[in-house]
Amino acid sequence: MNQFTIERANQFIEENKHLVNPQYRPQVHFTAPIGWINDPNGFIFYQGEYHLFYQHYPYDAIWGPMHWGHAKSKDLIHWEHLPVALAPDKDYDLGGCFSGSAIEKDGKLWLMYTGNIQNEQGEPRQIQNIAVSEDGIHFEKIAQNPVLTEADLPEGIVPADFRDPKVFEKDGKYYAVIVARHVDGVGCVLLYSSDDLIDWQYESIFLKGTKEQGEMWECPDYFNLDGVDTLLMSPMRFERDDLSHHNLNTTVVVKGKVDWEKKEFIPEQWDELDHGHDFYAPQTLEDDQGRRIMIAWMNTWGRNNVTKELDHQWAFSMTMPRVLNWRDNQFTQTHVLTEAHLAAETMDDFSTNQAKLLVLQPKKQADFELRVGSANDYVSIRYEKDGNAVYLDRENLRIDLSGEENEPVNQRGFRVKEAQLAKLEIILDTNSIELITNDGTATLSSNIYLGEGIEPVVTLWNGDVEITSYVIQ
């Protein structure tokens, strides 16, 4: 009998969630009740609420046989935990219910996800499955699973790396973009279609990468935004370019145009989606206001797992959700915080036990540096006029957050897209920092863990900058 079931997972969470040490847990960034999380999944606006599913291993603060955790929210800031939606309890997902997406059809909530298995020869395989819910909470895996297997792959695709379906509807037909590894050693996105979400047909290689664009892609997301065909994904080992793609595993936004006759995505422009240390596997939804909203895993593979090492019983969080747009040919990401979420405070009143939004406006175009932490345990945020670049540097943190990269990536940064830096927004929340420049034309997301007893005091180390502080509530 399979040891992993939804019932067992929910019982374990309920009986053990009180054991979590909250020292580093963020206040407004989503975390699981207990255990490990990674990729956001099934991010959807359904029956008046935002639903977030996520890769989850409740039994330890490490990656394990993947379940789908589940939560919902009315404002994308405050979340209500719901029962675990999927557990690896079938022969077609015994190695884990890997990443996927959600779509509404006939009032029901449909999940499409990757089952990680071994074939009869003991070789790893990845296949696609469907689960359906009448109430948006309790899911049944359909009898027709798996709905896509290696028999549905075109020639040249490695069946062990075929995952992360993102479903969308276009002109009355359902489509799924699914990533795969090509035998040429590059990543690619495959396109499949269906009339009913159950019977799927291969359509095309939607996009095939080149050697410098990574050896495998993960977590694709296609949408048309402001009239622009847009593809998000997370490549592994993308070639470095100036300040971009310094993480071993990166994220990209690809601007292009889809030829729907050939069913091919024709790329025009590639950019790193977020320039921080900790941002991966973004997924988007469209809400009832027509907004395209994105959330991502606020970590990346290979980073030190601080809260596991400290036996805090949990690991990692999601980013703050962001609203996406194309503005003047620039891809923009703005936070979802509204006036209702913000209470102004003076820097004199600045307290460290609440999540903050800091708005920095340089009084002149000149270098400045802000430090978060203490005199000998801090992260540095700075702007350098020479190069017109913003940096976040973790070198002076006592707790090491290095990863698998050959050279330590202590510092991440980006060049400001505009002629000058007019505004830098900083979301500061216990163990995380997110930077947003000039109303969203560049972002940087990184985790921080200050030593025991260190309060994250914010100090303007040098420069002439006006700082406005808000408590996020």
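The values are calculated or read from the model by the stated rules, or taken from the named source; none is laboratory data. Keep in mind it's a predicted model, so treat the numbers as computed, not measured. Virtual Cβ from ideal backbone geometry, glycine too; neighbours counted across all protein chains shown. Side chains included, ligands, DNA and RNA excluded: accessible areas come from the protein's heavy atoms. Shrake-Rupley method; radii C 1.70, N 1.55, O 1.52, S 1.80 Å.
Of the residues that sit in the stretch 240-296 and are polar (S, T, N, Q) and open to solvent by less than 40 Å² (accessible area, probe 1.4 Å), which one is nearest to Gly100 (Cα to Cα)? Here the residue is Gln283.
Residue count for the stretch 169-182 satisfying the condition of being surrounded by fewer than 22 Cβ atoms within 10 Å (Cβ to Cβ) and either among the β-branched types (Val, Ile, Thr) or on the phi > 0 side of the Ramachandran plot (or both): 2.
Candidates in the stretch 417-440 are the residues that are in a loop (DSSP other than H, G, I, E, B) and open to solvent by less than 10 Å² (accessible area, probe 1.4 Å); of these, the one that is nearest to Gln473 (Cα to Cα) is Asn431.
Rundown of residues vs (1) among the hydrophobic types (A, V, I, L, M, F, W, C); (2) on the phi < 0 side of the Ramachandran plot; (3) at pLDDT below 95, yes/no style:
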position: Thr346; (1), (2), (3): no, yes, yes
position: Thr352; (1), (2), (3): no, yes, yes
position: Phe368; (1), (2), (3): yes, yes, no
position: Ser374; (1), (2), (3): no, yes, yes
position: Tyr378; (1), (2), (3): no, yes, no
position: Ala389; (1), (2), (3): yes, yes, no
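Here His341 passes the criteria (1) farther than 18 Å from Trp79 by Cα; (2) open to solvent by 10 Å² or more (accessible area, probe 1.4 Å) except the one numbered (1). Only a single item in (1) more than 13 Å from the chain's Cα centre (by Cα); (2) within 30 Å of Pro408 (Cα to Cα); (3) open to solvent by 10 Å² or more (accessible area, probe 1.4 Å) is not met by Thr307, and it is number (3).
Does Tyr391 meet the test of being assigned to a strand (DSSP E or B), of a type outside the set (Lys, Arg) and out of contact with any Lys or Arg (no Cβ under 9 Å at 6 or more places or on another chain)? In short, no.
Okay, residues lined up against (1) exposed (fewer than 15 other Cβ atoms within 10 Å of the Cβ); (2) in a strand (DSSP E or B):
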site	(1), (2)
Val158	no, yes
Val167	no, yes
Asp184	yes, no
Ile198	no, no
Gln201	yes, yes
Phe206	no, yes
Phe223	no, yes
Phe238	no, no
